[in-house]
Amino acid sequence: MSTATKELTKQEALFEYLVRLADDRLILGHRLSEWCGHGPILEEDIALANIALDYIGHAANLYEYAVEIEGEGRHRDDLVYFRNDPEYKNLKLVELPKGDFGYTIARQFLFSSYSYYLYQLLSNVEDEQFCGMVEKHFKEVKYHLRHSREWVLRLGDGTEESHERIQDAFDDIWTYVGELFHQDDIDEVLQNEGLAADTVSFKSDWKDLVSDTLNEATLDVPDWDQFMVEGSRQGLHTEHLGHLLAEMQHLRRSYPDADWE
Amino acid sequence: MSEKNDTDSNDTQWPLWEVFTQPRDGKPHEHAGSLHAPDAEKALENARDVYARRKEAVNIWVVPSDQIVASKGEDAGPFFDPADDKPYRHPQFYSVPRVSKRRS
């Protein structure tokens, strides 16, 4: 989107880029944490809580680096607890309610497989600190992909009910995957500096991985060319994000100076 | 529903697996605990999440619990009691002779 706004500096673009990445992970981590104590079985409850914590950890690192780049003395918590939904730049995909287990797994698989390719590129960006952070997270991302892919295979090729539920989930979520590959001037500025991943470059690999997995799971691949929602990176969200933020932020906003001690 | 034996006739859970974790290279795998999983791959993943998330392991084995052959309670007498009065099977039973001074 090239509007008549002033030129973005590299610093401003990097800050925004880090916040987008962090927002995706924070919101998905929060969604996933809703499974804690409600998992279908104990072992899976622990697995989902582990993954939720991984995302929140990744987000914490990314926010921390973002405020460092910004250099205005803000704390990462300022970004987490004191922004409203239009200021959040996460994909709509990650803010959708957790649904049933099939829905959660379908989203996990789509997001993890996307992150897998994204992190492959990000681990080569020309910024040592960013790179180091991504490399560390990448190991966990690989595990997230393995975990969710194995579940897709089992639910798709499982019972009649599990097949139906996860097929419904993919059909439902599909309209939110188009945005994964939207890029704007933020991406452009950073790609010229070797600081961002060109998501379009792995789009066909990602589609192959998703299609192959769904086929193997005896699921139908929804139509890639169907209507896709957009606007998340500009702060347009579903009605679900506000409720999530209310729950996540209300304690901190009610007691802004509260301390763990 | 499985009618294999009395204990699991009401069990609608997934099969039980025993988990063995190796704490470091070169160390033996040790029994860490058990878990439920639908198959071997998921048993490995669950084991990783349940028993290896605090850096406890560098390698994991999972074994279907029903594949483990265990000695029975009634075997305890013939199996283990005979060892009671054979302290000489421990190296500590023997006093090591002092090194005799070498004569020059």
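Every read-out reported here was derived from the displayed coordinates using simple, explicitly stated rules and does not represent laboratory data. Here the structure is a predicted model, which is why all the values come from computation and not from measurement.
The table for this structure:
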| item | result |
| --- | --- |
| Pairwise centroid distance, computed over Cα atoms, of region A:107-147 with region A:179-226, Å | 14 |
| Under the span-like rule (Cα at least 18 Å along the axis, Kyte-Doolittle mean at least -1.0), DSSP H helices of chain A | A:10-33, A:42-70, A:101-122, A:128-156, A:239-254 |
| Spatially proximal lysines relative to B:Lys72 (Cα-Cα < 26 Å; intrachain offsets below 8 disregarded) | B:Lys4, B:Lys86 |
| Residues of type aspartates and glutamates that A:Lys92 reaches as a straight line, Cα spacing below 12 Å, ignoring anything fewer than 8 places off in the same chain | A:Asp23, A:Asp24, A:Glu179, A:Glu230, A:Glu239 |
| Filter on A:Lys98/A:Lys139; A:Lys89/A:Lys142; A:Lys10/A:Lys139; A:Lys98/B:Lys55; A:Lys98/A:Lys136; A:Lys142/B:Lys42 - keep pairs with C-alpha separation over 22 Å | A:Lys98/A:Lys139; A:Lys89/A:Lys142; A:Lys10/A:Lys139; A:Lys98/B:Lys55; A:Lys98/A:Lys136 |
